[in-house]
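The values are calculated or read from the model by the stated rules, or taken from the named source; none is laboratory data. Predicted model only: the values in this text are computed from it and were never measured. Here the Cβ is made from the backbone with ideal geometry for all residues, glycine too, and neighbour counts use every protein chain on show. Each accessible area value is taken on the protein alone, full model and side chains, heavy atoms only, with ligands, DNA and RNA left out. Shrake-Rupley method; radii C 1.70, N 1.55, O 1.52, S 1.80 Å.
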Amino acid sequence: MFFIDPHIHMVSRTTADYEMLALSGVVAVSEPAFWAGFDRSPAGFVDYFRQLTEFEPRRAAQFGIQHYSWICLNPKEAQDLGKAREVLAEIPKFLSCPSVLGIGEIGLNKNTPNEAKVFQQHVQIAIDAASQGPSGAKHALILIHTPHLEDKLKGTRMILEMLRDFGSAIDPARVLIDHVEEHTIELVKDAGYWAGMTIYPISKATPARAVDMIEMYGPQRLCVNAAADWGISDPLNTHRTMLEAQRRGHRLPELLQVFHNNPAEFFGQNSKFAVKPIKVQPLS
Amino acid sequence: MQKSETSPGDLTATEVLDTYFLEARARLIELAATLDRIDRAAGSQAVQSDARLKFIQDSLRILQRPQPGRAKAVQELYSLK
Ligand SMILES: [Zn+2]
């Protein structure tokens, strides 16, 4: 079985984790920019963006894994508008790096007005980036984090509303809204966006519930990730979800769709992403 | 046997029950023990009116509904409006 891990924070994982991912069939990872556990200075962000775009692709390549990343100021650090302005000014030049897929993971954390303002500024950067690119796409790809626990439903609604306010400048097929759960998946999919489900202890979905959602809402435009980071998390939760689907009798083509081909299709809208969807068939 | 579009893979309802019963049982016992632990602790009377305990009781009522959509309803219960 081949996997693309669509959301993993490798800067906080060991090199042994890269080896484990390679051993377990992961051919590519996508790493959104996120919070380091403490608030950084603008200069710290530039160093972090260099780590994402220069160091991690090399570390992954040792194990035959392609490493891609997303650039942004994460919502947890979006409260300070002055700092946000400085960090956002650095983003456009990183967007043209050979392994950067787009803007992310932007979004909301506590659903504050400042977070909302910085979210909208990021979306505008994504739109502006497209006008310089050759592809004819409306905007750079966007990866969105939705808040946790009791803030999730309200935050997801706010995000959908803000995206709607951009009107035809936003193409839902070029936006993935992550960390959906039972109460938000329909809102996201019905509006035409891609959805991501995160298998993470306590605060997000479990393998069984994620497979329930694949069954209830269909595998189209749906990705599964473990969002493994510096917290108590496990990169193999993506694989556990695949096993859970397999034990219920889901067949290889559907498993490949969810765990490899869907991410390949979404990320592949940026021509930098080199892994193509695959199919497996008997030789005779 | 009717297999709906959203069926859990190839599993029949009996197979789903066989597969998940022990896990569900363990989680319910864990929850019961958590409620007992709160009661055994100092100040247990004072927390009886805590909104979080009410959420748990309201969730248990959702579990008793005869129709699907329970997980979504519990999620909505714990969401800020
Ligand atoms: Zn993340």
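Some points to look at:
- Output for region A:65-83, where each listed residue is within 18 Å of the chain's Cα centre (by Cα) and assigned to a loop (DSSP other than H, G, I, E, B): A:I65, A:C72, A:L73, A:N74
- Flag if A:V180 is within 14 Å of chain B (Cβ to nearest Cβ), among the β-branched types (V, I, T), in contact with a strand residue (DSSP E or B) (Cβ under 6 Å, 6 or more places away or on another chain) and within 16 Å of the ligand (Cβ to nearest atom): yes
- Count of residues meeting criterion [farther than 19 Å from B:L11 by Cβ and not in a loop (DSSP other than H, G, I, E, B)] in region A:212-263: 14
- Annotation: of all residues in region A:27-39 being buried (at least 16 other Cβ atoms within 10 Å of the Cβ) and within 16 Å of the ligand (Cβ to nearest atom), the one that is farthest from the chain's Cα centre (by Cα) is A:A36.
- For A:A78, the stated conditions do not hold, so it cannot be described as more than 15 Å from the ligand (Cβ to nearest atom) and either open to solvent by 20 Å² or more (accessible area, probe 1.4 Å) or more than 14 Å from chain B (Cβ to nearest Cβ) (or both).
- Residues that are away from the ligand (no atom under 16 Å from the Cβ) and crowded, with 18+ Cβ neighbours inside 10 Å were ranked within region A:220-235; the one that is nearest to the other protein chains (Cβ to nearest Cβ) is A:L222.
- Residue check for A:K152: touching a Ser or Thr at 6+ places or on another chain (Cβ under 9 Å) and within 14 Å of chain B (Cβ to nearest Cβ): yes
- Of all residues in region A:178-189, those that are of a type in the set (S, T, Y) have Cβ atoms under 7 Å from Cβ atoms of residues that are open to solvent by less than 10 Å² (accessible area, probe 1.4 Å) and within 16 Å of the ligand (Cβ to nearest atom), 6 or more apart or on another chain, in A:T184/A:T146; A:T184/A:K152; A:T184/A:T156.
- Extreme residue, nearest to the other protein chains (Cβ to nearest Cβ), among residues of region A:155-164 that are without any contact (Cβ under 8 Å) to a residue 40 or more places away in the chain and not hydroxyl-bearing (S, T, Y): A:R157
- Taken together, A:Y193, A:Y217 contain a single residue that is away from the ligand (no atom under 16 Å from the Cβ) and open to solvent by 30 Å² or more (accessible area, probe 1.4 Å), which is A:Y217.
- Scoring A:S69 on the criteria (1) farther than 20 Å from A:F259 by Cα; (2) free of Cβ contacts under 8 Å to residues at least 40 places away in the same chain leaves a single failure, condition (1).
- Residue that is nearest to the chain's Cα centre (by Cα), among those in region A:128-149 that are within 14 Å of chain B (Cβ to nearest Cβ) and not in a helix (DSSP H, G or I): A:T146
- Options A:R50, A:R59, A:R85: the member that is away from the ligand (no atom under 16 Å from the Cβ) and open to solvent by less than 70 Å² (accessible area, probe 1.4 Å): A:R59
- Boolean, A:I202 is surrounded by fewer than 18 Cβ atoms within 10 Å (Cβ to Cβ) and either within 16 Å of the ligand (Cβ to nearest atom) or hydrophobic (A, V, I, L, M, F, W, C) (or both): yes
- The lone exception for B:S59 - which of (1) at pLDDT below 95; (2) within 27 Å of A:K154 (Cα to Cα); (3) of a type in the set (S, T, N, Q) it fails: (1)
- For region A:88-125, a residue qualifies if it is among the charged types (D, E, K, R), open to solvent by 20 Å² or more (accessible area, probe 1.4 Å) and within 27 Å of A:K154 (Cα to Cα), and the qualifying residues are A:K110, A:K117.
- Inclusion of B:K81 among residues that are among the basic types (K, R) and either outside any helix (DSSP H, G or I) or surrounded by fewer than 11 Cβ atoms within 10 Å (Cβ to Cβ) (or both) is warranted.
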